[in-house]
Amino acid sequence: MTMIQADPPSTFAEVETRFREVEKKAGPAERPRVDDIAVFMQAHNQLKDNVGKNVPTLRRAMLDEASRRLDYLGAGRFPWVDMEDGWSCLAYKSKIDGTLQPCAVYLPRGYRASKKPWPVDVVLHGRSDGMTHASFLAAHSFTKKPSLRDRVVLEVFGRGNVAYRWAGETDVFEAIDALWRRETGRGRQTLLDPDRMVLRGFSMGGAGSWHIGLHQPDRWVAVQPGAGFTTTIGYAKNLPDPLPAWQSRALNLYDARASAENACMVPIVAYSGADDPQMDAAKQIENALKTVKATPPLRFSHIVAPGLGHKMPAEWEKKVEETLAPFVAAGRKDPDRVKFVVHSLRHGRCFWVETLGLEQHYSAATIDAKRGGPQGQELDVTTRGVTALRMATSGTQPGTSINVQIDGQTVRARAKPDGKGKSCVELARLDGRWGDGPDAKRYLDSKRKKVGVQGPIDDAFMDRFVCVVGTGQSKNPIVHELALARLEAFRAAWREHFHGEVVVRTDADLLPRERADANLILFGDASSNAVIRDLSPRLPIRYVGDDFVMGTRRYNAASHLPVLIHPSPYNQKRYVVLNSGHTFGEAELKGTNALLFPRMGDWAILRAGVPGGELLEAGFFNEDWSWPQ
């Protein structure tokens, strides 16, 4: 292999030395600006083992920009946060793995001097094979400009080419938060209008816009997807027919078509080239909406460019903008009627309604809620497949009695503080009857699938996680080898495809705060890993002699590896995972992004002795985290 010629050691060493000195002296107020420099140093270093004719140029660009920013910071300035009419890149530390992630911001000319709030476009980029932090940063230099320049534009890295799924989805909202923090730090937060925020993207970015826009419609004044995909079956080729039940059931987690009904809650302006096979993305949503009783009224447009393939020229972008303009001008408003469909508590909120319990994950549950009466003290709600709800009340104080008509039943509910300075009511359905009293509270507090702790296994990698390996001697060397091989494959895939670094601790080095506040990804078994040994009596797995038992299944521990996700006994708002990173692998990550769906559900059994393990069984826990019969 031909190695890239390294930068002159003195040049890189000089910049790194300067950076370390600045980093050491930086106070809390300067820390974000130091990160804005560090992300260029990091991008430079990430390319050190890469080959390709553009790599030396990219590395030099990263080093030069880091040096320029160091010069500015040394003079007590950081003009990149104030520049107008050109891209500027900033960094934030991801809560998932603690790594710096980039995003790009465009501030329009006249932004700082204005007194009006500006609309914000959140842009999801298309797929670019070989995308790195460096290529993303280089594509957003100050001399380059977005095509739409009369608004603030935020382009999200989204962990590269993962179609804004999993960590890529978290990245979208972390980037938005980073922009707001930066502008708040400069005293400019009033110049960003959260009620005129458009989500848009083309190709892979279109797929991400369909997914996030329809699963979280309350965040946007409008959604503008171009091309992309909205289903897995039919778009991803050469899948088994049929898929295993535990895989096909979970497709609704990301198939936007299954959530087409949520187009009732946000204006959507789709774009397709008439000769683009990806026009099927919008067609799938259109066909699904034909069966939806559109109340509130649908605001759905599909603009089709005759004779065009997979492209969106400027003249068609203008037509799309003309259709979007009235929605952006009107702004997002809190509706008095909320109607949406839910397949997972991960995506269970819409405006003032939040789903807190489901009869069965990945089956469609629906909510239709209307509020009225003086100060919103009357609620009329119809549900299907829902077992618990939280609804914010309008203009009421805690203790106020709220009249709720729900599924043909009348409940006099008492408003309670929502923790955000407002009031809400929380209801649970027990034995077919809705209520908000002590029985409902016991249900809401009970062990069951809850918001953010509902699985599947892959869900653990959307928030802070730490991998833990044992320091003990395993009784089952073949299985232990498989567990460690799965960890190493996950680490490599995370570095290459999610552009981060997996945090790995030994059972002896796990920090108390990580034990309490992180999702714990444990590798090994009770004989090798002290954390597994400590937790196994409180997990749905028992070690009996030379075997382990999962539900009614008993397997020899010397030749079988258990995989599962479960609420952490250390903190019920976090997960414990046994012996698994993402359940899809390198082949799926290198293929179409539509392949990044869960492969194992909540649990699985692998036979050791073959590379990666042979999948024998997999499935989902019940809603109370018990084993299905």
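The values are calculated or read from the model by the stated rules, or taken from the named source; none is laboratory data. Being a predicted model, the structure only gives us computed values, none of them experimental. Neighbour counts are summed over all protein chains in view; Cβ atoms, including those assigned to glycine, are modelled from backbone coordinates with ideal geometry.
Between R59, R109, R69, the distinction of being surrounded by fewer than 19 Cβ atoms within 10 Å (Cβ to Cβ) and either under 22 Å from S141 (Cα atoms) or in contact with a helix residue (DSSP H, G or I) (Cβ under 7 Å, 6 or more places away or on another chain) (or both) belongs to R109 only.
Every condition in (1) touching a strand residue (DSSP E or B) at 6+ places or on another chain (Cβ under 9 Å); (2) surrounded by 16 or more Cβ atoms within 10 Å (Cβ to Cβ); (3) assigned by TED's automatic domain parsing to the domain that holds F490; (4) outside any strand (DSSP E or B) holds for G612 except the one numbered (2).
Going by the conditions given, is D97 assigned to a loop (DSSP other than H, G, I, E, B), acidic (D, E) and buried (at least 19 other Cβ atoms within 10 Å of the Cβ)?
Details: assigned to a loop (DSSP other than H, G, I, E, B): yes; acidic (D, E): yes; buried (at least 19 other Cβ atoms within 10 Å of the Cβ): yes.
Spelling it out, D97 is indeed assigned to a loop (DSSP other than H, G, I, E, B), acidic (D, E) and buried (at least 19 other Cβ atoms within 10 Å of the Cβ).
Among the conditions (1) among the basic types (K, R); (2) surrounded by fewer than 19 Cβ atoms within 10 Å (Cβ to Cβ); (3) within 22 Å of R249 (Cα to Cα), the only one that R599 does not satisfy is (2). Does A227 count as in contact (Cβ under 8 Å) with a residue 60 or more places away in the chain and either under 27 Å from W316 (Cα atoms) or surrounded by 22 or more Cβ atoms within 10 Å (Cβ to Cβ) (or both)? When the stated conditions are applied, A227 passes them.
Please verify whether A250 is over 21 Å from the mean Cα position of the chain (by Cα), among the hydrophobic types (A, V, I, L, M, F, W, C) and over 17 Å from M204 (Cα atoms), treating the condition exactly as stated. Talk me through it step by step, then tell me what you get.
Numbers: over 21 Å from the mean Cα position of the chain (by Cα): no; among the hydrophobic types (A, V, I, L, M, F, W, C): yes; over 17 Å from M204 (Cα atoms): yes.
Spelling it out, it is not the case that A250 is over 21 Å from the mean Cα position of the chain (by Cα), among the hydrophobic types (A, V, I, L, M, F, W, C) and over 17 Å from M204 (Cα atoms).
You will find that of V342, V381, V404, V353, the residue that is closer than 25 Å to S248 by Cβ and either surrounded by 15 or more Cβ atoms within 10 Å (Cβ to Cβ) or not hydrophobic (A, V, I, L, M, F, W, C) (or both) is V342 and no other. In the stretch 4-86, counting only helices (runs of 4 or more DSSP H) that sit wholly within it, the ones holding 1 or more residues that are closer than 27 Å to P108 by Cβ and either modelled with pLDDT of 95 or more or outside the structural domain of R149 (by TED's automatic domain parsing) (or both) span 31-46, 55-74.
Against the test of being assigned by TED's automatic domain parsing to the domain that holds A369 and modelled with pLDDT of 95 or more, the options A415, A428, A392, A440 yield a single qualifying residue, A428.
In summary, no helices (runs of 4 or more DSSP H) completely within the stretch 423-519 bear 1 or more residues that are on the phi > 0 side of the Ramachandran plot and of a type in the set (G, A, S).
Residues checked against (1) farther than 30 Å from A530 by Cα; (2) more than 24 Å from the chain's Cα centre (by Cα); (3) modelled with pLDDT of 95 or more:
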| residue | (1), (2), (3) |
| --- | --- |
| V386 | yes, no, yes |
| T410 | yes, yes, yes |
| C424 | yes, yes, no |
| Q454 | no, no, yes |
| M462 | no, no, yes |
